[in-house]
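So the structure is just underneath, and the comments pick up after that.
The values are calculated or read from the model by the stated rules, or taken from the named source; none is laboratory data. Since the model is a prediction, treat every value here as computed from it, not as a measurement. Because the Cβ atoms are built from the backbone with ideal geometry, glycine has one as well, and the counts that use them run over all protein chains shown.
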Amino acid sequence: MNPIQQINRVFLLACAPFLGVLIWLLFVNTSITLPSLSLPSIGVPFSFHQEAIVLDSKLIKANMDAGQTKSIIEKYFELYEKSTAEVNGMLQNAVAQAAKPGLIYDARITAKLGSPVQQASSGNIDLKLFTLSESNYKGYALKVNLKSDKAIKLVLGNDKMGSSETTLSAVQRYGAVAGVNAGGFADDSKGKRYPLDTTVMNGKYLNGFFPSRNDTIFIGLNKDRKLIGGKFNSQAELDKLNPWMGSTFVPTLLKNGSKTAIPYQWQSSPARAARTVMANYKNDQLLFIVTDGYDESGNSGATLAELQDKLQQLGIVDAYNLDGGGSSTLIMNGSVINRPSDGKLRPLATHFLFFK
């Protein structure tokens, strides 16, 4: 036997047991039980499938809850909008109802004046200009509804004590929509023109307080834009009314709707003249009346008694006479409305201006 055959025999004998076992396994049906493999415990069982189911359930519930919440919010929002609309409607109706008496009263006093020939309106002011055609005189009435503190201003001529200018000049210089002459004046030896007695601008006394004398009266507005006027013997007496602006002249014509006694001098000297009157209604609207006079002779224009009658007829509460004669001036929308008795406009110390 050669060496190669010997080697093959050795390998054959070595592999024989394994081949036998393999052949046996092929023909014998047997089962092999493997040892169980156990994972170490971590305290809580973990299942991806169960967790997914739980999360999905929670998401479905959250979505349903969100939809229900949205529906509730939408219903509440609709209810809120409806309630707000109803409340606004009730408020507007209440405002309209509350305004009706005022509108009726305003329509009534306006009807007594006739139809306006000019008017101007803004958030600050309402102005209506009317003509007066009485048997003995002609004139104009300016009804003024002041809506804010910016609507009216008392100004000095050229904004200087001792200076003077026409009402038209003051209106143009300030850019006002209208203007009326204000209080009286006194001239000194040097030709300077000063406001007569007590004059108040922006709540301040320009040249001090002067007690009423020779029937003089203070005429102006308080800090609430309400007409004040009359005789005052002390500054403390006037201060109680909180004066904001005003000037001095004479006399009082109506008080609380009743005529007051006209001083004899003012009944006859002059008997008739161009006049300027500042008055108010019970709703605090103002009325300025400016009448025409053709000269200073006392034969043309209105008497103060005639104006008292007219003021009562118009439903006026309080009325005061401002400077008249050649001083009487009414400006509206850049034009001179009245006929100045001097034949031209007179330079004055003070003016009431109105602003849109």
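Every test in (1) of a type outside the set (A, V, I, L, M, F, W, C); (2) surrounded by fewer than 20 Cβ atoms within 10 Å (Cβ to Cβ); (3) assigned to a strand (DSSP E or B) is passed by residue 143 save one, and that test is (2). If you go through segment 326-339 and keep only what is surrounded by 24 or more Cβ atoms within 10 Å (Cβ to Cβ) and touching a helix residue (DSSP H, G or I) at 6+ places or on another chain (Cβ under 7 Å), you end up with 329, 331.
Comparison of 113, 154, 129 shows that the only residue that is in contact with a His (Cβ under 8 Å, 6 or more places away or on another chain), more than 21 Å from residue 342 (Cβ to Cβ) and at pLDDT 95 or above is 154. For segment 236-278, a residue qualifies if it is touching a Phe, Trp or Tyr at 6+ places or on another chain (Cβ under 6 Å) and either hydroxyl-bearing (Ser, Thr, Tyr) or exposed (fewer than 15 other Cβ atoms within 10 Å of the Cβ) (or both), and the qualifying residues are 248, 252.
Summed over segment 301-340, the residues that are closer than 13 Å to residue 274 by Cβ and among the β-branched types (Val, Ile, Thr) give a count of 4. Considering only residues in segment 164-184 that are touching a Phe, Trp or Tyr at 6+ places or on another chain (Cβ under 9 Å) and part of a loop (DSSP other than H, G, I, E, B), the one that is surrounded by the most Cβ atoms within 10 Å (Cβ to Cβ) turns out to be 182. The residues listed here are 323, 342; of these, the one that is among the acidic types (Asp, Glu), farther than 18 Å from residue 143 by Cα and touching a helix residue (DSSP H, G or I) at 6+ places or on another chain (Cβ under 7 Å) is 342. Residues in segment 318-350 that are more than 19 Å from residue 253 (Cα to Cα), in a strand (DSSP E or B) and either among the polar types (S, T, N, Q) or in contact with a Leu (Cβ under 7 Å, 6 or more places away or on another chain) (or both): 6 in all. Residue count for segment 279-309 under the criterion of being part of a helix (DSSP H, G or I) and either of a type outside the set (Asp, Glu) or buried (at least 21 other Cβ atoms within 10 Å of the Cβ) (or both): the result is 4. Tell me, yes or no, whether segment 242-263 has at least one residue that is free of Cβ contacts under 8 Å to residues at least 12 places away in the same chain and under 33 Å from the mean Cα position of the chain (by Cα). Checking segment 242-263: not a single residue is free of Cβ contacts under 8 Å to residues at least 12 places away in the same chain and under 33 Å from the mean Cα position of the chain (by Cα).
Restricting segment 120-140 to residues that are loosely packed, with under 15 Cβ neighbours inside 10 Å and not in a strand (DSSP E or B), the residue that is nearest to the chain's Cα centre (by Cα) is 123.
Here residue 265 passes the criteria (1) farther than 17 Å from residue 330 by Cβ; (2) touching a Gly at 6+ places or on another chain (Cβ under 6 Å) except the one numbered (2).
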